[in-house]
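Q: I am attaching a structure below and will ask some questions about it afterwards.
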Amino acid sequence: MTLLPWAIFFALIAFALAMICAAIRLLRGPSAEDRVLALDTLYVNCMMTVLTLGIQLGSRFYFDIAVLIALFGFVGSAAMAKFLLRGEVIEP
Amino acid sequence: MTVTEIPLWADLAASLLLVAGGILTLIGSAGLLRLPDLFARMHGPTMGNTLGLGCVLLASIVVASALAHRFVFQELIIALFVVATSPVTSILLMRAGIYRRRGDGGTDGKVVAPLDGNA
Amino acid sequence: MKRWRWPSLTLFTVTLFLLWLLLNDTLAPGQVVLGLVLTIVVALSTAAMRPLRSRPHHLLAAVRLFFIVLFDIARSNIVVAGVILGSVKRRSNSGFMKIPIDLRDPYGLATLACIITATPGTVWAGLSPDGHALTIHVLDLQDEETWIRTIKHRYERPLMEIFE
């Protein structure tokens with residue numbers, strides 16, 4: 001009798017619901033900033049789902065995937081936010 | 001299933017941390033739907049980015065250390081990275097929101113913060 | 001190539017090297033050598049991009065500030081969760097406020113921006129051109145006095161101790 005599989009099940013459902021919330025905001029969001037914020041949230045929730053799957057399967061490979069998702073999520077969100085702010089991503 | 005072979009203390013601690021992380025992240029993302037305007041919505045996902053992610057990372061550290069019979073703390077890299085980067089995204093989005101709403105008087109008659117400086 | 005700047009360069013190199021070892025989760029000699037070569041090359045080639053050097057001191061104050069921030073993040077998570085799950089009236093009194101500030105060091109200001117933004121409930125929204133007032137956005141804007149006192153006493157004073 002262990003608790004961990006049930007906790008993992010609960011956490012995965014919570015992350016799925018959180019991703020649905022973010023996806024609704026992504027589709028509905030009145031302004032572009034709302035959509036970028038929702039996409040950023042989606043990235044972080046996705047990273048936490050991958051980490052939880054890594055706990056469930058007892059494998060360290062999922063950690064590397066989580067690092068990559070964190071890296072690409074930051075680059076994408078920062079580039080989009082910068083574009084909204086300045087109309088240009090890389091300035092001379 | 002490999003997760004059934006870990007000692008009881010790790011099982012309990014990781015379960016508690018995972019449940020707490022799940023609840024915090026869910027509430028934070030629900031804030032995206034429940035809060036009224038963009039500037040208020042910025043605060044919701046910060047919960048998932050800080051304490052929610054911290055709980056999940058700690059649970060991962062606990063389980064990995066119990067499985068490997070030594071202290072594994074690679075998750076510290078993700079924590080450091082997210083702590084260093086998520087404020088940058090938030091501040092850029094905040095500045096973009098202020099910049100694109102300049103001059104339309106805010107949401108409920110209050111004046112939106114003036115665009116001063118280049119912080 | 002600019003002038004050789006040892007102290008900040010060493011701190012940067014050591015941090016990068018430790019991160020490399022942590023990422024590979026090993027102390028094998030091959031990885032140690034590879035990490036040393038990589039970090040020295042990266043540190044030398046990016047030395048010209050670092051605009052000015054910081055001189056942090058009072059390590060003890062920094063450690064204390066770290067735990068204060070950790071505690072505040074945990075506490076304000078609960079407060080923000082209460083606001084999100086609360087009534088419509090409670091959810092709709094967010095707003096901007098100005099805070100007078102005495103901190104001048106750029107690295108200190110950057111750290112303050114990260115602390116304020118990483119704490120749920122407050123987001124950094126800008127600094128006035130003369131650097132005397134910062135604007136933040138607060139989710140639960142009930143009394144401005146408490147927020148001003150919190151930020152000035154809990155965050156700004158230790159940061160001035162560390163960076164100035």
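Q: Using a Gaussian network for chain C with springs between C-alpha atoms less than 10 Å apart, which of these wobbles most: C:Pro120, C:Pro129, C:Pro106?
A: C:Pro129
Q: Per DSSP H run of n ≥ 4, the term is -39500 (n - 2.57); total these for the protein assembly as shown, divide by its residue number, and report the mean residue ellipticity at 222 nm rounded to 500 deg cm²/dmol.
A: Values: 15 runs with 249 residues, N = 375.
It comes out at -22000 deg cm²/dmol, rounded to the nearest 500.
Q: Just flag the trypsin sites (Lys or Arg not before Pro) in the range C:85-145 sitting in loop per DSSP whose Cβ has no more than 13 other Cβ atoms within 10 Å.
A: On the way: sites: C:Lys89, C:Arg90, C:Arg91, C:Lys98, C:Arg104; in loops: C:Arg104.
Those satisfying the criteria are C:Arg104.
Q: List the residues of the range C:130-164 whose backbone N lies under 20 Å from a point placed 7 Å from the Cα of C:Phe66 along the Cα-to-Cβ direction.
A: The answer is C:154-164.
Q: Give me the distance in nm between label points sitting 7 Å out from Cα along the Cα-to-Cβ direction at C:Ser92 and C:Ala74, one decimal.
A: Label-label distance for C:Ser92 and C:Ala74, simple model: 3.6 nm.
Q: Further, regarding this structure: Would you kindly calculate the translational diffusion coefficient of the protein assembly as shown, applying Stokes-Einstein with the Kirkwood radius from alpha carbon pairs, for 10 °C and a viscosity of 1.306 mPa s, and quote it in µm² s⁻¹ without decimals? All intermediate terms of the calculation are to be shown ahead of the outcome.
A: Numbers: Rh = 22.0 Å.
The Stokes-Einstein estimate is 72 µm²/s.
Q: Below 11 angstrom from the Cβ of C:Leu85, what's the summed charge of the other residues (Lys, Arg +1; Asp, Glu -1)? Spell out each step's value before the answer.
A: Details: positive: B:Arg34, C:Arg90, C:Arg91; negative: none.
Overall, the nearby charge balance is +3.
Q: Which number do you get for Rg(Cα) / (2.2 N^0.38 Å) in chain C?
A: On the way: Rg = 20.1 Å, N = 164, 2.2 N^0.38 = 15.3 Å.
Relative to the rule-of-thumb radius for its length, chain C sits at 1.32.
Q: How shielded is B:57-65 by partner chains, expressed as the average number of their Cβ atoms within 10 Å of its Cβ atoms?
A: Counting Cβ atoms of other protein chains within 10 Å of each residue's Cβ and averaging gives 4.
Q: Continuing with this model, one more query. Output the 0 to 90 degree angle, nearest 10, between the alpha-carbon long axis of helix A:32-57 and the longest principal axis computed from the alpha carbons of chain A.
A: Compared with the principal axis, the helix lies near 20 degrees.
Q: Provide a whole-number value for the mean count of partner chain Cβ atoms within 10 Å of the Cβ atoms in peptide C:78-90. Please list the in-between numbers first.
A: Values: counts 4, 0, 9, 10, 1, 6, 13, 4, 1, 0, 2, 0, 0.
Per residue, the number of nearby Cβ atoms from other chains is 4 on average.
Q: Under 5 Å between amide hydrogens, which residues at least 5 positions from C:Ala133 or on another chain qualify, with H placed 1.01 Å from N in the peptide plane?
A: Close amide H contacts, sequence-distant or interchain: C:Ile101, C:Ser128.
Q: What number of lysine-lysine pairs in the protein assembly as shown show an alpha-carbon separation below 28 angstrom, given a sequence spacing of 8 or more or placement on distinct chains?
A: Numbers: A:Lys82/B:Lys110; A:Lys82/C:Lys98; B:Lys110/C:Lys89; B:Lys110/C:Lys98; B:Lys110/C:Lys152; C:Lys89/C:Lys98; C:Lys98/C:Lys152.
For the protein assembly as shown, qualifying lysine pairs total 7.
Q: I need the P(r) histogram for the range B:7-100: all alpha carbon pairs, bin width 10 Å from 0 out to the longest distance, whole percents.
A: That works out to 16, 37, 28, 14, 5, 0, in percent per bin.
Q: Looking at chain C as a GNM with Cα springs under 10 Å, which of C:Gly126, C:Gly82, C:Gly35 has the largest mean-square fluctuation?
A: C:Gly35
Q: In whole angstrom, note down how far apart the Cα centers of the range B:32-87 and the range A:25-92 are.
A: 13 Å
Q: Run the simple label-point estimate for C:Leu19 and A:Phe10 please: 7 Å along Cα→C-beta, distance reported in nm.
A: Here the modelled spin labels are 3.5 nm apart.
Q: If you don't mind, there's one more thing I want to ask. For the ranges C:26-34, B:28-36, what's the packing order if you count other beta-carbon atoms within 10 Å of each residue, average per peptide, and put the highest first? Don't skip to the end; give the middle numbers.
A: Working: C:26-34: 11.1, B:28-36: 22.6.
Descending packing order for the listed peptides: B:28-36, C:26-34.
Q: Can I ask one more? Counting only other chains, what is the mean number of Cβ atoms within 10 angstrom of the Cβ of each residue in peptide C:70-77? Kindly include the intermediate steps, with their values, before the conclusion.
A: Details: counts 3, 0, 0, 5, 3, 1, 5, 10.
Going residue by residue through C:70-77 and averaging, the value is 3.
Q: For chain A, would you read off the P(r) tail past 23 Å as a percentage of all alpha carbon pairs? Mind showing how you got there, number by number?
A: On the way: 1523 of 4186 pairs.
Value for chain A: 36 percent of Cα pairs lie more than 23 Å apart.
Bear in mind these aren't lab numbers, they're just calculated from the coordinates by the rules spelled out. All values reported here derive from a predicted model rather than from experimental measurement. Virtual Cβ from ideal backbone geometry, glycine too; neighbours counted across all protein chains shown.
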